[in-house]
Amino acid sequence: MTSLSLAHPTCMPRLHFHDVAYQAAGQLLLGPLSLQLEGNHRTLIMGPNGAGKSLLMRLAHGLVKPSSGHLHWCGHVPRQAMVFQHPVLLRRSARANLEYALAVQGCPRNRRRQRAMEALEHFGLANVTRRPARVLSGGEQQRLALARAWLLEPEVLFLDEPTSALDPAAIRAVEDAINTFHHAGVRIVMSSHDLHQARRLADDVIFLHHGKLLEHSPADTFFQVPATVQAKAFIQGELMD
Amino acid sequence: MSDSAFITALQLIANFDPELLAIVSLSLRVSLSAVIIAAFIGLPLGAALALYRFPGRAIIIVVFNALMGLPPVVAGLSVYLLLSRAGPLGEFGLLFTPTAMIVAQVILILPILVSLTRQRIEELHGEYAEQLSSMSVSKARRIPTLLWDARLALITVILAGLGRASAEVGAVMIVGGNIDGVTRVMTTAIVLETSKGNLALALGLGLILMLLVALLNGMAYLIGEGTKRSLG
Ligand SMILES: Nc1ncnc2c1ncn2[C@@H]1O[C@H](COP(=O)(O)OP(=O)(O)O)[C@@H](O)[C@H]1O
Ligand SMILES: [Mg+2]
């Protein structure tokens, strides 16, 4: 298993949102909101469909720019990786997908094969190394995306509803993989609308509703004494609009 | 008359008639060279057009789209003017050589390769963009990545170019001159033999040409189907 090398092991990356808002076509889709992502734990972004979870994560990862307000990383900008709801895999073999990620990072050619094989093995993909990535099952594809993220050696890993299209066995494998990252010291920021999953994984919860940040609290607090009626309704599994 | 011409045509093909073979092989040489050269220029150019945003991009795209319908005689005429004795490149003495024919066909099919490549790469990039950004892949690095991942779609694009090159007559006629044993290709030979009333050779060539075009289309279709099945 490749060990993760943190660029600045003493200083955990901390992300600040200052009055961040995102608009598209004149419509306010998210915010304005302020929050901090700090520490070394697992943050779950929760909320019903369309609440703005993906948007928040894409802002945090730098894939989209806020329309107003600003974000900044305290200390240094950490190495990051993101796993998307529908994994975007190259039209190549599973192994070639990993070798590509290594090549992009400047890993020397003669080390790529071995590192890719180690990651495939670690994520339970040793028997599909040469299969085209896009004919793999949903669970295998998501694990391949996780293996690729692993090879990027991130300090922060974003996951956007990574299990929403998977069956229970595959969900379990993905959650195990997420905990592998967690135990290696990787900061986890993940969205989910699955309450059970959130109870299993979350250290703290960000609750979004209609693009507004309603709560950001430790998971215990959030689940036991939610501060807003919307969160209470969400936790009780009521259908929300 | 035409019945016997048809039979003679089949005999010419079956006997590997040397004149026929020479014409077919020159045709293939000219069109394949043109396609290979146009692909080396057109594929990266199309991909770059898909990825980079700069002033004038829209105009370039529209021009290349329009040039897809460039009449072969116009392509031939412009190369003729360039290469003729009085033209800017006249000193090289390329007019009425296979090289001139290759140049004319490159000009003819380059817009097809650029435009279709740009479309395919733009589609694929729409799918890949966030993942590639997430991995901090530079624009320049994305070009070979996307070209490789679109490889099967691009083979059909190249085959479309080859089809157009091997079927056109106007450009090679003007810059090649249809000189026996030097620049005579299938299409120009068909024109000549038909006008001379030598229908057997014309028909034989026509059959081979049709077969070739059918083969190209068949390959394009099979590759398309294969892609769907093997790459998801
Ligand atoms: N680029 C965009 N243009 C317009 N609307 C968008 C765009 N991105 C997201 N939205 C809208 O913003 C809202 C929040 O989207 P999203 O973050 O994907 O929600 P979630 O991930 O919580 O389901 C949705 O109503 C969605 O339709
Ligand atoms: Mg979402």
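Points worth noting:
- Relative packing of peptides B:201-211, B:132-142 - highest average C-beta neighbours within 10 Å first: B:201-211, B:132-142
- Remark: for residue pairs A:Lys65/A:Lys212; A:Lys53/B:Lys139; A:Lys65/A:Lys232, the C-alpha separation exceeds 24 Å in A:Lys53/B:Lys139; A:Lys65/A:Lys232.
- Net charge of the neighbourhood of A:Met190, taken over other residues with C-beta under 9 Å away and scored Lys/Arg +1, Asp/Glu -1, is -1.
- Over all projection directions, the Cα-based convex hull of chain A averages an area of 13.4 nm².
- A simple spin-label model places pseudo-atoms 7 Å from Cα toward Cβ; at B:Glu225 and A:Arg109 they are separated by 3.8 nm.
- Sorting A:164-171, B:148-155, A:204-211 by average packing, meaning the other beta carbons within 10 Å per residue, from highest down gives A:204-211, B:148-155, A:164-171.
- Cα centroid of segment A:78-131 to Cα centroid of segment B:13-78, whole Å: 37 Å
- Debye, to nearest 20: dipole size of segment A:111-209, +1 on Lys, Arg Cβ, -1 on Asp, Glu Cβ: 600 debye
- Three-way shape call for segment A:45-155 based on the alpha-carbon gyration tensor, with the a/c threshold at 1.5: oblate
- With Cα atoms as the point set, segment B:125-216 shows a radius of gyration and Dmax of 21.0, 66 Å.
- Our note on the geometry: Cα centres of segment B:183-200 and segment A:27-45, 74 Å apart.
- Ellipticity estimate at 222 nm from DSSP helix runs (n ≥ 4, -39,500 (n - 2.57)) divided over chain B, nearest 500: -27500 deg cm²/dmol
- Over the C-alpha trace of segment B:1-85, radius of gyration and Dmax come out as 20.2, 61 angstrom.
- Inter-part distance where segment B:117-173 and segment A:154-209 are each reduced to a Cα centre, Å: 36 Å
- Estimated FRET transfer efficiency (A:Glu238, A:His183; beta-carbon r; R0 51 Å; 0.05): 0.90
- Nearest 10 degrees, 0 to 90: helix B:186-196 Cα axis against chain B principal axis: 30 degrees
- Ratio of Rg to Rh over segment B:67-164 (Cα coordinates, Kirkwood Rh, two decimals): 1.16
- Shielding score for B:145-156, defined as the mean number of other chain Cβ atoms within 10 Å: 2
- Accessible carbon and sulfur surface of segment A:47-133 relative to its total accessible area, %, 1.4 Å: 46 percent
- Taking 7 Å steps out from each Cα toward its Cβ at A:Ser164 and A:Arg14 produces label points 3.1 nm apart.
- A:Ser67 versus B:Asp180: modelled label distance in nm, points set 7 Å from Cα along the beta carbon direction: 7.6 nm
- Accessible area per residue for segment B:1-89 is 58 Å², calculated with a 1.4 Å probe on protein heavy atoms, without ligands, DNA or RNA.
- For chain B, the extents of the C-alpha atoms along the principal axes are 67, 50, 24 Å, listed from largest to smallest.
- Scanning chain A for DSSP H helices at least 15 Å long along the axis (C-alpha atoms) with a Kyte-Doolittle mean no lower than -0.5 picks out A:94-104, A:138-151, A:168-183.
- Modelled FRET efficiency - R0 60 Å, B:Glu123 with A:Val225, Cβ distances, 0.05 increments: 0.75
- Restriction of the chymotrypsin sites (Phe, Trp or Tyr not before Pro) in segment B:51-91 to DSSP coil positions whose beta-carbon has at most 16 other beta-carbons within 10 angstrom yields B:Tyr52.
- q = 0.30 Å⁻¹: log10 I(q)/I(0) that the Debye formula gives for segment A:160-205, counting C-alpha atoms only: -1.35
- Shielding by other protein chains, A:80-92, mean Cβ within 10 Å: 4
- Given +1 at the Cβ of Lys and Arg, -1 at the Cβ of Asp and Glu and no other charges, the dipole of segment B:1-114 around its Cα centre is 580 debye to the nearest 20.
- Each chain gives up part of its surface: B and A jointly bury about 1800 Å² of accessible area, both sides summed, for a 1.4 Å probe.
- A P(r) calculated from all alpha carbon pairs of segment A:108-148, with 5 Å bins opening at zero, reads 6, 24, 35, 21, 11, 3, 0 percent.
- Residues B:Arg29 and A:Gln85, FRET efficiency given R0 of 60 Å [Cβ-Cβ distance, rounded to 0.05]: 0.75
- Calculated from the alpha-carbon coordinates, segment A:158-241 shows an Rg and a Dmax of 13.2, 38 Å respectively.
- Per residue, the convex hull spanned by the Cα atoms of the protein assembly as shown amounts to 209 cubic angstrom.
The values are calculated or read from the model by the stated rules, or taken from the named source; none is laboratory data. Please read all numbers here as calculations on a predicted model, not as lab measurements. Using ideal geometry, Cβ is built from the backbone for each residue, glycine included, and neighbour counts are taken over all protein chains shown. Accessible surface areas use protein heavy atoms only, side chains included; no ligands, DNA or RNA. Shrake-Rupley method; radii C 1.70, N 1.55, O 1.52, S 1.80 Å.
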